[in-house]
Structure formats: C-alpha cells, structure tokens
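Q: This is the structure I want to talk about, given as structure tokens.
Quick note: the coordinates plus some simple rules give every number you see, no bench work behind them. The model shown is predicted, which means the values in this text are computed figures rather than measured ones. Cβ: placed from backbone, ideal geometry, glycine included. Neighbour counts: every protein chain shown.
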Ligand code: DQA
C-alpha cells in the first residue's frame with residue numbers, strides 16, 4: 001500500500017513558523033517521523049508539501065487514479081478551498097485530515113473545514129504525532 005502525506009501552504013516552514021502554535025519540530029522532522037512510522041508498519045510512503053493550490057489538486061487527482069490512501073494537512077485551504085475539497089472527494093482510498101494544532105481551540109474561521117465531512121478520520125492538536133497516528137490508522141486497512 002502506498003500512503004501519500006500531502007501538506008499545503010506554509011507547512012514547509014515548520015520549526016520557524018509560529019513555534020508557540022505549531023511547535024519546534026521542523027518540516028524535515030515531520031518527514032523523518034512519517035518515514036520512520038511507515039517503515040515500522042510496513043507501508044510505502046511519500047511526503048510532499050506545496051504552497052501552490054493547483055499542484056495540490058494535481059496530486060489529489062493522481063492519488064484518486066492510483067487508489068492511494070491520503071493523509072492531508074491542507075493548511076489554510078482546509079477552511080477556504082472548495083476546489084481542494086472537490087479534488088479530495090474523488091479519492092477512492094481512505095482520507096485522513098490532519099492538523100498539527102487544535103483548530104477548534106483557535107480562531108472561529110479555523111472551526112470550519114471543507115474536508116472533515118468527506119474524511120474517514122480527522123486528527124487535530126497532536127503535532128507531528130498526529131501524522132504517526134494517521135499512518136498507523138490507514139495501514140490497518
Ligand atoms: C493547520 C491549521 C490551519 O488552520 C492553518 O492554516 C495551517 C496549519 C495545522 O496543521 O494546525 O496552516 O492546518
């Protein structure tokens with residue numbers, strides 16, 4: 001099974017970006033943790049990040065065609081993008097929505113997600129460990 005871990009805008013700046021909100025783990029730490037868990041549970045993994053919405057939509061289309069499991073932290077697009085939702089709706093494998101921070105304890109505009117109702121599972125507020133939990137969940141089938 002191939003698991004795609006797709007990260008949206010500003011997530012490449014983890015570690016330097018608002019560490020009081022997102023923690024001090026860097027994006028490289030996030031990638032390393034995902035690869036470690038994937039090895040532990042025996043799945044192939046690819047971890048990507050983009051600040052370009054069109055690129056994210058292309059990745060979701062390819063994941064739909066391949067039937068891949070997707071772990072998606074869409075960043076701010078979560079709260080704004082019907083286009084990302086429409087692309088994620090086409091997935092044939094499981095979709096897990098992940099957020100590092102507890103979006104429900106933050107500004108009201110972060111309480112709305114265009115993804116939660118089409119996701120198999122949602123993980124918020126666990127930092128990079130949320131990705132580890134999501135990988136274990138999809139690996140179970
Ligand atoms: C985030 C939460 C979003 O509201 C925010 O726009 C992000 C990161 C998180 O992982 O906590 O970019 O998705």
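Q: Out of (1) within 16 Å of the ligand (Cβ to nearest atom); (2) part of a loop (DSSP other than H, G, I, E, B); (3) over 14 Å from residue 131 (Cβ atoms), what's the single condition that is false for residue 92?
A: Going through (1) within 16 Å of the ligand (Cβ to nearest atom); (2) part of a loop (DSSP other than H, G, I, E, B); (3) over 14 Å from residue 131 (Cβ atoms) one by one, residue 92 breaks only (1).
Q: Of all residues in the range 1-25, how many are touching a residue at least 24 places away in the same chain (Cβ under 8 Å) and either within 13 Å of the ligand (Cβ to nearest atom) or farther than 16 Å from residue 55 by Cβ (or both)?
A: Of the residues in the range 1-25, 16 are touching a residue at least 24 places away in the same chain (Cβ under 8 Å) and either within 13 Å of the ligand (Cβ to nearest atom) or farther than 16 Å from residue 55 by Cβ (or both).
Q: So if I check each of 21, 16, 31, which one is within 19 Å of residue 74 (Cα to Cα) and within 15 Å of the chain's Cα centre (by Cα)? Even if it seems obvious, please write down each step before you answer.
A: Numbers: 21 fails: within 15 Å of the chain's Cα centre (by Cα); 16 fails: within 15 Å of the chain's Cα centre (by Cα).
None of the others qualify; the one that does is 31.
Q: Might you check whether a residue that is in contact (Cβ under 8 Å) with a residue 24 or more places away in the chain, out of contact with any helix residue (DSSP H, G or I) (no Cβ under 6 Å at 6 or more places or on another chain) and under 24 Å from residue 139 (Cα atoms) occurs anywhere in the range 101-109?
A: No; the residues of the range 101-109 include none that is in contact (Cβ under 8 Å) with a residue 24 or more places away in the chain, out of contact with any helix residue (DSSP H, G or I) (no Cβ under 6 Å at 6 or more places or on another chain) and under 24 Å from residue 139 (Cα atoms).
Q: Residues of the range 26-54 being more than 20 Å from residue 137 (Cβ to Cβ), within 16 Å of the ligand (Cβ to nearest atom) and either assigned to a helix (DSSP H, G or I) or out of contact with any strand residue (DSSP E or B) (no Cβ under 7 Å at 6 or more places or on another chain) (or both), which ones?
A: 26, 27, 29, 50, 51, 52, 53
Q: What is the one condition in (1) over 20 Å from residue 12 (Cβ atoms); (2) part of a loop (DSSP other than H, G, I, E, B) that residue 101 does not satisfy?
A: (1)
Q: I'm told residue 128 meets every condition in (1) over 14 Å from the mean Cα position of the chain (by Cα); (2) surrounded by 20 or more Cβ atoms within 10 Å (Cβ to Cβ) except one. Can you identify the failing condition by its number?
A: Among (1) over 14 Å from the mean Cα position of the chain (by Cα); (2) surrounded by 20 or more Cβ atoms within 10 Å (Cβ to Cβ), the lone unmet condition for residue 128 is (1).
Q: Looking at the range 71-89, which of the residues that are within 14 Å of residue 50 (Cβ to Cβ) and part of a strand (DSSP E or B) is farthest from the ligand (Cβ to nearest atom)?
A: The extreme case among them is 72.
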